[in-house]
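Visitor: The structure under discussion is supplied below as structure tokens; questions concerning it will follow.
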Amino acid sequence: MSFADQLQRFGLLLPQGRATVVLAGTPDEIGRVYETVDAALRQRPGYRLVLAAAAEDLSELRRRYPHELVLPLPYPAGAGLWRRRLEAILVIGPARLNAEFGKAGVLDSNEPMTAGTVATMLPPRDLPARPVSTSTFLIDLLGGSSIASLADLKTRLGNPRTIVCLGNGPSSEDPRLSDHRDAALFRVNWNWRGRGWMTEPAVVFTADPDLPGSGRRPIITFPTAAIGRPILMRHTRAMRPPSAGYIFLDAFDPTLADLSGPMIPTNGALMIAVAAAVGAERIVIAGMDLYQHPHGRYPGDATAFDGYSREHSAEIDLALMRTALGGFKGEKIILSDNLRAALQTPG
């Protein structure tokens, strides 16, 4: 367990600003009701889900549910603060966790429940989210630099002739990609690190708080300033400012996608929209398997929970990618079979 995990057990360094449902227990206990809780939250947009477990189970949960926020269970003495800081409206878990959560208690996950009954315990979220500061003065001062237009991005990339766009699906390791190692490489999130395959991207599209590595730092692109600024502040405090530059896509004019609603395109779809708009001669796409690849969600890992997270959908992604690639006049090479077939099907 990391030092940050230890602090979080005391109720410190917790994400705030959003009403939260906590699903707690062992990986097996969480797995038995995860889909029910996930379905309930799809009926109640605006709530965040946190998976909470003992220290020894954190790594397995983070591998199994890579798009969820996984936190350590609190120390019993700090459970009240932990719950308040998270703005936890509901905690779901085995009854034995009442010892951790005291009189506030938990909804016993061993009792029968449906998505509908869980949703009825959560009032619809009609109020706007708490505003998040989007000021970047400190980030820029300590080594960052905002990229606010496609023209600026194209110049920073050296006017590339070919852009390779890699999602995180198994087709991201298609051997045919070796023919394009000199291209400008776009990647999504950070979970490709450590596999030794195309690990020097020029641009990373992410909404995850993971710190970039200590080596070459790519341009980091976020969907919105509200998402990206808190993450970049964390990078800056850790002395890893975005020295190659950063992008908030909602600052682009014109915008490439609607990023104002509760559901937005995935980072992979946004990556393709940006690549098409930059205006290279060729785009190569792989790893965009629409969570339908027979080998699972990620290369070499069939255990990660598949499917779109609650903030995204295949329909939104495909609509954006059809528009972006439909307007791209250069050569398109799509190595993801599922994506190629979906794009050929009328929307």
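Visitor: Residues in the stretch 76-86 that are of a type in the set (D, E, K, R) and within 20 Å of I30 (Cα to Cα): how many?
Guide: 1
Visitor: Any residue in the stretch 55-62 that is more than 23 Å from the chain's Cα centre (by Cα) and assigned by TED's automatic domain parsing to the domain that holds G11?
Guide: Restricting attention to the stretch 55-62, the residues satisfying the condition of being more than 23 Å from the chain's Cα centre (by Cα) are 56.
With the extra rule that they be assigned by TED's automatic domain parsing to the domain that holds G11, the set shrinks to 56.
Yes, some residue in the stretch 55-62 is more than 23 Å from the chain's Cα centre (by Cα) and assigned by TED's automatic domain parsing to the domain that holds G11.
Visitor: Being at pLDDT below 85, part of a loop (DSSP other than H, G, I, E, B) and surrounded by 19 or more Cβ atoms within 10 Å (Cβ to Cβ) is true for just one of P212, P242. Which residue is that?
Guide: Numbers: P242 fails: at pLDDT below 85.
Testing whether each residue is at pLDDT below 85, part of a loop (DSSP other than H, G, I, E, B) and surrounded by 19 or more Cβ atoms within 10 Å (Cβ to Cβ) leaves just P212.
Visitor: With the requirement that a residue be closer than 26 Å to R63 by Cα and in contact with a strand residue (DSSP E or B) (Cβ under 7 Å, 6 or more places away or on another chain), what does the stretch 297-331 give you?
Guide: Once the filter is applied, which keeps residues that are closer than 26 Å to R63 by Cα and in contact with a strand residue (DSSP E or B) (Cβ under 7 Å, 6 or more places away or on another chain), the stretch 297-331 yields only A304.
Visitor: Another one. Does the stretch 138-149 include one or more residues that are of a type in the set (A, V, I, L, M, F, W, C), modelled with pLDDT of 85 or more, over 23 Å from G268 (Cβ atoms) and touching a Phe, Trp or Tyr at 6+ places or on another chain (Cβ under 9 Å)?
Guide: Checked against the condition, which is being of a type in the set (A, V, I, L, M, F, W, C), modelled with pLDDT of 85 or more, over 23 Å from G268 (Cβ atoms) and touching a Phe, Trp or Tyr at 6+ places or on another chain (Cβ under 9 Å), the stretch 138-149 yields at least one hit.
Visitor: Do you know which residues across the stretch 252-302 are in contact with a helix residue (DSSP H, G or I) (Cβ under 6 Å, 6 or more places away or on another chain) and among the polar types (S, T, N, Q)?
Guide: Scanning the stretch 252-302 gives T266, Q292.
Visitor: Given (1) at pLDDT 95 or above; (2) touching a helix residue (DSSP H, G or I) at 6+ places or on another chain (Cβ under 6 Å), identify the lone condition not met by A184.
Guide: Going through (1) at pLDDT 95 or above; (2) touching a helix residue (DSSP H, G or I) at 6+ places or on another chain (Cβ under 6 Å) one by one, A184 breaks only (2).
Visitor: Within the stretch 78-91, can one find any residue that is free of Cβ contacts under 8 Å to residues at least 12 places away in the same chain and outside any helix (DSSP H, G or I)?
Guide: Within the stretch 78-91, not a single residue is free of Cβ contacts under 8 Å to residues at least 12 places away in the same chain and outside any helix (DSSP H, G or I).
Visitor: Something else now. Output the qualifying pairs, or none if there are none: Cβ atoms under 8 angstrom, residues six or more apart or on different chains, first residue in the stretch 311-333 and among the hydroxyl-bearing types (S, T, Y), second residue not in a helix (DSSP H, G or I).
Guide: Filtered contacts from the stretch 311-333: S313/M263.
Visitor: Working only within the stretch 39-63, note down all residues that are part of a helix (DSSP H, G or I), surrounded by 19 or more Cβ atoms within 10 Å (Cβ to Cβ) and touching a residue at least 60 places away in the same chain (Cβ under 8 Å). Can you show your working first?
Guide: First, pick out the residues of the stretch 39-63 that are part of a helix (DSSP H, G or I): 39-42, 55-63.
Restricting the remaining residues to those that are surrounded by 19 or more Cβ atoms within 10 Å (Cβ to Cβ) gives 40-41, 57-58, 61.
Scanning the stretch 39-63 gives A40, L41.
Visitor: Additional query: I need the full set of residues from the stretch 162-175 which are more than 17 Å from the chain's Cα centre (by Cα) and either within 22 Å of A269 (Cβ to Cβ) or acidic (D, E) (or both), in order please.
Guide: Matches in the stretch 162-175: T162, I163, V164, P170, S171, S172, E173, D174.
Visitor: For the stretch 263-322, enumerate the residues that are acidic (D, E), assigned to a helix (DSSP H, G or I) and either surrounded by 20 or more Cβ atoms within 10 Å (Cβ to Cβ) or not assigned by TED's automatic domain parsing to the domain that holds I219 (or both).
Guide: Here is the first cut: in the stretch 263-322, the residues acidic (D, E) are 281, 289, 301, 306, 311, 315, 317.
Going one step further and asking which of them are assigned to a helix (DSSP H, G or I), we end up with 315, 317.
Correct list: D317 only.
Visitor: Step by step: first the residues of the stretch 221-253, then only those that are farther than 15 Å from I147 by Cβ and of a type in the set (A, V, I, L, M), then the one that is farthest from the chain's Cα centre (by Cα). Which residue is that?
Guide: Of everything passing the filter in the stretch 221-253, M239 is farthest from the chain's Cα centre (by Cα).
Visitor: Are any residues in the stretch 153-189 on the phi < 0 side of the Ramachandran plot, in a loop (DSSP other than H, G, I, E, B), touching a Ser or Thr at 6+ places or on another chain (Cβ under 9 Å) and surrounded by fewer than 20 Cβ atoms within 10 Å (Cβ to Cβ), and if so, which ones?
Guide: D174, D182
Visitor: Next up: Quick check on my filter: what residues within the stretch 215-239 are aliphatic (A, V, I, L, M), without any contact (Cβ under 8 Å) to a residue 24 or more places away in the chain and not in a loop (DSSP other than H, G, I, E, B)? Break it down stepwise before answering.
Guide: Of the residues in the stretch 215-239, the ones aliphatic (A, V, I, L, M) are 219-220, 225-227, 231-233, 238-239.
Then drop every residue that is not without any contact (Cβ under 8 Å) to a residue 24 or more places away in the chain, which leaves 227, 239.
Matches in the stretch 215-239: I227 only.
Visitor: Here's a check for you: in the stretch 1-38, which residue that is in a helix (DSSP H, G or I) and among the hydroxyl-bearing types (S, T, Y) is farthest from H67 (Cα to Cα)?
Guide: Start the filter on the stretch 1-38 by keeping residues that are in a helix (DSSP H, G or I), which leaves 3-9, 27-38.
Checking which are among the hydroxyl-bearing types (S, T, Y) leaves us with 34, 36.
On the way: Y34: 13, T36: 17 Å.
Result: T36.
Visitor: Here is a further query. Given (1) modelled with pLDDT of 90 or more; (2) farther than 27 Å from Q8 by Cα; (3) out of contact with any Gly (no Cβ under 8 Å at 6 or more places or on another chain); (4) surrounded by 12 or more Cβ atoms within 10 Å (Cβ to Cβ), where does I89 come up short, assuming only one miss?
Guide: (2)
Visitor: May I ask you to list the residues in the stretch 64-86 that are surrounded by fewer than 16 Cβ atoms within 10 Å (Cβ to Cβ) and not hydroxyl-bearing (S, T, Y)?
Guide: Listed by number, the residues that qualify are P76, A77, G80, L81, R84.
The values are calculated or read from the model by the stated rules, or taken from the named source; none is laboratory data. This is a predicted model, so every value here is computed, not measured. Methodologically, a virtual Cβ is constructed for each residue, glycine included, from the backbone with ideal geometry; neighbour enumeration extends over all protein chains shown.
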